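Take a look at the structure below.
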Amino acid sequence: MRAGAQLAPPRLPSPTAISNDELLRVSIDGLRDSDPDDSASKNLTPSQRTGVAIGSVLAIGVFVARPLGTSVAFVTMAMLVYVVVLAYRTVLFVSSLNANSMIVVSDEEARAVPDADLPIYTVLVPAYKEPEVIAELTAAIARFEYPARKLDVKLLLEDDDADTIAAAVGAQKGDFQIVRVPVSEPRTKPKALNFGLQLARGSLVTVYDAEDHPDPLQLRRAAIALERGPDDLACVQARLAYHNVNQNIITRWFTLEYATWFTQFLPGLVARDAPVPLGGTSNHFKKSVLDEVGAWDPFNVTEDADLGMRLHRRGYRTGVLDSVTLEEANSDFINWVKQRSRWYKGYIQTWAVHLRHPVRLYRELGPKGFAEFNLFVGGTPLIALLNPIFWTLALFWLVAEPAFVQSIFPRFVYYLALVCWLVGNFALVFMNVLMAHQLRHTGLHRAAALTPLYWVMMSLAAVKAAVQFVFQPSSWEKTVHGLGTRPVFTEVA
Amino acid sequence: MIALLERFQPSPEAVRADVVLPAILPGRKTTRPLWFLRRRLTIASFIVYLSSALWMLYGLGFSIGDALSRSANARAIWFARRPTLTSMGFGWMPGPVLFQSIFTVVLEPIGQAQLSGPLATSVLGAATVYVLVSICARRGLSATWTLLLVSAYAFNPAIVFTAANGMSEQMNFFFLVLLVDGFLRWSDHPSVGAATLIGVALAGCMAVRYETLVLVPVVAIFVGLRRKSWRERLQSAVLVSIPPAYVFFMWILANKLIQKSWFWFLHPSGSTSASALGLPPPDAIFLPAERTLRTAIEFSFSRTWDMSWAILVVAPILLFRRRGQRLASVGIVAIAGVYPLWIWYLLPQNRTWGNPRYFLPMMAVVVVAIIWLASDRRSRVFGSSRWGGAARAALLGVMVIAAVNASLAESRVKVAAVESEWYVFQTALGQPLSGDRVDNAERWRRTAAAVDAEIGKQPKSLVMIAFGRAFPLFLFSDHPKRFMIDSDRDYEATLASNGKNIDYVFLTNGTSSALGRLVGSGWSEAVKTETGSLWRRDASAANPVTT
């Protein structure tokens, strides 16, 4: 059903000048038409498919002919991947420790800017089948220390989501605008964002999930950072943290992971001027830049990470803003696996899309950026996929010491594996212990010590993601919200 | 909007304080002169260290037995008959051997495996210089003072010697510098970054030196004291102790797995590491004749005066610092104090040889402390425009005097007899040589040539050796794969089978010490005992091969 976008209540000049079909067409096909090579509408290009097919046939053929040699080659390559990714993660961690890589705008400075000088800020809030979080959205909007007349909040709802629309209409007091996105494929968040973006009237744009609880000064801080930063600073990503930290072991692990991601890895990427895969929400953009780069890819299920890459490729920079948005950590195992497998699938998609023209990518990013892109975007799902293989081999070895395990680990590879095992695992667990110490939540230290169990969950999700990448590349598995405890509004880090 | 925002900025200074865009705005990193200086000084120090190493090794034919042992361990890891990590024996902390094994891979094809240790220490020495300049840059010290203070440390002849000799000190210095830097950062602001640095540095120290067992609790206490509540104190202390505890656990686990004893390192004579922990003789000229706590304290003070004179001057300055800096200052003195304290503990038990190098780590601590003092803009003395320059010059003078003092001490036979450092220093200073030097390397080279000639006659012949004693033979031989060494899986079985499958047993007479004392015996005794039918005569290193 391609019904028109309904704007209720109409606070804006009606966008009737643009037809709804045209809005939808641009939302879906905008990027695909302007830059088909940047769109994930096709999973793999014909040349990529050919390459994968030839590579697979060759690998199988060589394995049949020389099983030991092929296994040794595979193990060697895998170990090199482990070592390089591990070293890179450590470098990122250290980079973020050594350099103050976050953009800091103090409360005083944020409030010092008169309301009249602030730009109109468009806040896009996509939601689907989440009537229970609408009340939280209105509360979050009310908490913003930003002049109401300069806030352009758009709640992006699917046209067939009657419950959420009803809840939104009921809660609406003129502080946000309901945008009904016509039902169409792909049913993804980025498509809704593109739809909303075309109706935006702000020069700055941000994205929140409906259940988010952003720092009330975040919009002011972001506005100052974007205006006062260099011209090529196109985006600032606020830190994400969770309000239901202590709900169960999964939320604790998730909290530690987010803390490492947003306080160490992303600032580390910024410090190294590397491409930054954006987080799902609380990223603040200059609208003009969003329009220029083609906004979000509606076919990519981690449209945020993909957009971060595209910004970097076009010569724009992303900063990490020292301002926290509290979210709800996934507390349910199945729900968590669905969400994480979507993220991994999105990373694989993003990796595949940007590697369609590796030489061009290399030229655009340079050797350092090219390597960092592959290590971070490619390395993240790849490690999670490799882990089960080597856990199984380790288990075999511990139980039965089969000769073939020893034979596929020649000396050099064995030493690398030992470094990964003894140093790498400890380093990653210790990073989580450090984050637990920093967050000062009770119970996190124990969760940090049990991190390897979380890696098992990650690997499950990665396997699911890899399968879905082949069979359902653009399918968006909705994360169920509202399973967590209500937030307590205190700074967590 | 930009114009309006700029209008509301109270002053450039205030904006810098409030809005921090460090990674995005250019010019916030180390200033160019210090980048430039860091690279140049690092390269210059590396050249000096490596040149010194080559001069000592090939010019003077000087090498310390323990350094040769580490090089042999590193070679065995890659090029032994059945190479494994266990070749290093784990009687010593494995850090230096693991690091230098990387260089062994490159040096083996050109037949210079014995250079792996000196090359590793040269690299680590230069890395230390790199870190020191970085600390100066972060603390805002000018390029001139950075150059002078870091050079006074880097080109201290005693430091150059440790950076060239292939021993473990330089790796310890590298991590000590990181540790003190992390500790001072923690004292400035107890952040996760500082805790990470402290933890990693302690782990590094633990991978290198036994003394770290004392260092960890000392550092943990001072780290904890920086926090307010007891809970935070405990958490912080535990946090920085986790990495070194992990390293220690892995190390004793290796002892257990390889040597069947968790604390094998306490009696490592059967390890593949050189048997260094033999008892020093009662008449050793370099130790007090009577070994009591009192003489141990006197001895420690004397050696500290010789090797790290600067700490004796800087410690009182640190202890009388202003209130906000006092905890950090006392902490630095405590960290430095661990090293003489270790000797106080061991000497009365007659369990240390009291080598002068044991007192040199204090120089690595003191150089960071001096940088900290010299860059303190809030200090009435160092921050004063009138006295600051003179005060920094005084600190530089302390470093220079310490360097001269250490060089003269190392040239005295009475101080530096254990490892014959005096020979290098007397030669370098142009002094007439005044002692009998230990020269294991040349003897062993000749031995290796003899053994190579013997086994060359029989292709695929196999020589059983006690690695802990005969490691130089393995190091200098052209046929490393022809030696059955202690870490080989079939070693014990071969012993038990009275030498089945081997062609030669290499025996040492167990009196290789320069001081005429037995320095352990380990597996070589087992070879004698258990392979009686193979052993024909108790051969010395000069005539070692028995069949």
Quiz prompt | Residues of type lysines that A:K129 reaches as a straight line, Cα spacing below 21 Å, ignoring anything fewer than 8 places off in the same chain | solution = A:K154, A:K173, A:K189, A:K191, A:K338, A:K478
Quiz item: Thinking of segment B:349-429 as a set of Cα atoms, what percent of all their pairs are more than 15 Å apart?
Solution: 66
Quiz item: Which of A:L226, B:L429 comes first, and how do the rest follow, when ranked by fewest Cβ neighbours within 10 Å?
Solution: B:L429, A:L226
Exercise. Step through the residues of segment A:73-78 one at a time and calculate ³J(HN,Hα) from phi using the Karplus curve (6.51 cos²θ - 1.76 cosθ + 1.60, θ = phi - 60°), rounding each to whole Hz and writing x for Gly and Pro.
Key: 4, 5, 4, 4, 5, 4
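Please label the shape of segment A:412-460 as rounded, prolate or oblate, based on the square roots a ≥ b ≥ c of the eigenvalues of the alpha-carbon gyration tensor (a/c under 1.5 means rounded; beyond that, a/b larger than b/c means prolate, else oblate). Before the final figure, lay out each step's value.
Details: a/c = 3.93, a/b = 1.87, b/c = 2.10.
Cα axes put segment A:412-460 in the oblate bin.
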Quiz item: Expressed as a rounded percentage, what relative contact order does segment A:78-154 have, with Cα pairs under 8 Å and six or more residues apart?
Solution: 39
Practice problem: Would you work out which of A:L217, B:S229, B:F359 lies farthest towards the positive end of the dipole of the protein assembly as shown? Charges go on Cβ: Lys and Arg +1, Asp and Glu -1. | Solution: B:F359
Quiz item: How large is the charge dipole for segment A:168-254, taken about the Cα centre, if only the Cβ atoms of Lys, Arg (+1) and Asp, Glu (-1) carry charge, to the nearest 20 debye?
Solution: 140
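What shape does chain A have by the C-alpha gyration tensor, where a ≥ b ≥ c are the square roots of the eigenvalues, rounded means a/c under 1.5, and otherwise prolate means a/b greater than b/c and oblate the rest?
Values: a/c = 1.82, a/b = 1.51, b/c = 1.21.
Prolate, because a/c is 1.5 or more and a/b exceeds b/c.
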Quiz prompt | Cβ-based charge dipole, segment A:149-201, positive-most Cα from A:T188, A:T164, A:G174 | solution = A:G174
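For segment A:224-323, rounded, prolate or oblate, judged on the Cα gyration tensor with a ≥ b ≥ c (square roots of eigenvalues), a/c < 1.5 rounded, else prolate if a/b > b/c? Walk me through the intermediate numbers first.
Numbers: a/c = 2.16, a/b = 1.66, b/c = 1.30.
Prolate.
Quick one, can you get me the convex hull of the C-alpha atoms of segment B:55-213 expressed as volume per residue in Å³? Don't skip to the answer; put the middle values down first.
Numbers: hull volume 20.3 nm³, N = 159.
Dividing the Cα hull volume of segment B:55-213 by its residue count gives 127 Å³.
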Quiz item: What is the dipole size for the protein assembly as shown, taken about its Cα centre, with +1 at each Lys and Arg Cβ and -1 at each Asp and Glu Cβ, in debye to the nearest 20?
Solution: 2040
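Mean 1/r over all different Cα pairs, inverted: what Kirkwood radius does the protein assembly as shown give, in Å? Don't skip to the answer; put the middle values down first.
Values: mean 1/r = 0.0312 Å⁻¹.
When all Cα pairs of the protein assembly as shown are included, the Kirkwood radius is 32.1 Å.
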Self-check item: Built amide H within the under 5 Å cut-off of A:Q177, gap 5+
Solution: A:V153, A:K154, A:L155
Quiz item: Which listed residue (A:T392, A:N43, A:F265) has the Cα farthest towards the positive end of the charge dipole for chain A, taking +1 on Lys and Arg C-beta and -1 on Asp and Glu C-beta about the Cα centre?
Solution: A:T392
Exercise. Just subtract the alpha-carbon distance of B:K414 and B:D436 from 0.36 nm times their residue separation and send over the number in nm, one decimal.
Key: 6.7 nm
Quiz item: Ratio of Rg to Rh for segment A:139-264, alpha carbon only, Kirkwood?
Solution: 0.99
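Report the per residue volume, in Å³, of the convex hull enclosing the C-alpha atoms of segment A:99-147.
On the way: hull volume 6.5 nm³, N = 49.
Expressed per residue, the convex hull around the Cα atoms of segment A:99-147 is 134 Å³.
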Quiz item: Across segment B:280-297, in residue order, what do the Karplus-derived ³J(HN,Hα) couplings come to in whole Hz, using 6.51 cos²θ - 1.76 cosθ + 1.60 with θ = phi - 60° and x for Gly and Pro?
Solution: x, x, x, 9, 4, 6, 8, 10, x, 5, 9, 10, 10, 4, 4, 5, 5, 5
Quiz prompt | Spacing of the two label points (7 Å from each Cα toward its C-beta) at A:E22 and B:V214, in nm | solution = 8.2
Quiz item: Just for the protein assembly as shown, what percent of DSSP beta bridges are antiparallel, to the closest 5?
Solution: 35
Quiz prompt | Candidate lysines - alpha carbon under 30 Å from B:K460, same-chain residues fewer than 8 apart omitted | solution = B:K481, B:K500, B:K528
Quiz prompt | For chain A, calculated [θ]222 nm from helices alone, where every DSSP H run of n ≥ 4 adds -39500 (n - 2.57) | solution = -17000 deg cm²/dmol
Exercise. Arrange the following residues from fewest to most other Cβ atoms within 10 Å of their Cβ: A:K129, A:K173, B:K414.
Key: A:K173, B:K414, A:K129
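Calculate the dipole size of chain A relative to its Cα centre from +1 charges on Lys and Arg beta carbons and -1 charges on Asp and Glu beta carbons; express the result in debye to the nearest 20. List each step's numbers first, then the result.
Values: 46 positive and 48 negative charges, 232 e Å.
With only Lys, Arg, Asp and Glu charged at Cβ, the dipole is about 1120 debye.
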Quiz item: Amide H to amide H under 5 Å from B:G166: which residues, 5+ apart in sequence or cross-chain, H placed 1.01 Å off N in plane?
Solution: B:T121
Self-check item: For segment B:301-315, Karplus couplings with θ = phi - 60° (6.51, -1.76, 1.60), whole Hz, Gly/Pro x
Solution: 5, 4, 6, 5, 4, 5, 9, 9, 3, 4, 5, 5, 8, 6, 4
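Each reported figure results from applying straightforward, stated rules to the coordinates on display, with no laboratory input. Because the structure is predicted, anything quoted here is derived from the model rather than measured. Virtual Cβ from ideal backbone geometry, glycine too; neighbours counted across all protein chains shown.
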